[in-house]
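Take a look at the structure set out below.
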C-alpha cells in the first residue's frame with residue numbers, strides 16, 4: 001500500500017511541476033489599445049501630454065486639431081501611450097475644433 005501511495009504521490013508531484021513549468025514559459029499577452037486624450041494646450045507628439053480614458057472620448061468633434069488617440073499603453077509609463085502610438089497618424093481618430 002505504501003508503494004502505491006508513494007507512486008501516486010510521485011506522479012501527482014511530477015504532473016504539478018510539469019504544468020507549473022508550462023505556465024511559467026507562457027508568452028506575455030499583447031497590450032490592448034486604450035483611448036488617450038490630449039491635454040488642453042498639450043504637444044500632440046509628446047506621450048506625457050496624454051491622459052488615459054475609460055472609454056472612447058465623447059467630447060471630441062471633427063475639426064483641425066488632434067483631441068485623442070487610440071494606442072497601446074506604455075509599459076514603462078502607466079497611463080501614457082507609447083511613442084509609436086503618438087507618432088502614427090492613423091491613430092488620430094478624433095480631432096477637436098480649438
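Read the figures in this text as sums done on the coordinates, not as results from a lab. These numbers come from a predicted model, not from an experiment. Here the Cβ positions follow ideal geometry from the backbone for every residue, glycine too, while neighbour counts run over all protein chains shown.
Table for the structure above
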item	result
Over segment 33-96: Rg over Rh, Cα atoms, Kirkwood Rh	0.91
Sequence of 66, 91 once ranked by neighbouring C-beta atoms within 10 Å, starting from the fewest	91, 66
Relative packing of peptides 49-60, 77-88 - highest average C-beta neighbours within 10 Å first	77-88, 49-60
Length released on extending from residue 59 to residue 32, taking residue separation times 0.36 nm less the Cα-Cα span	7.5 nm
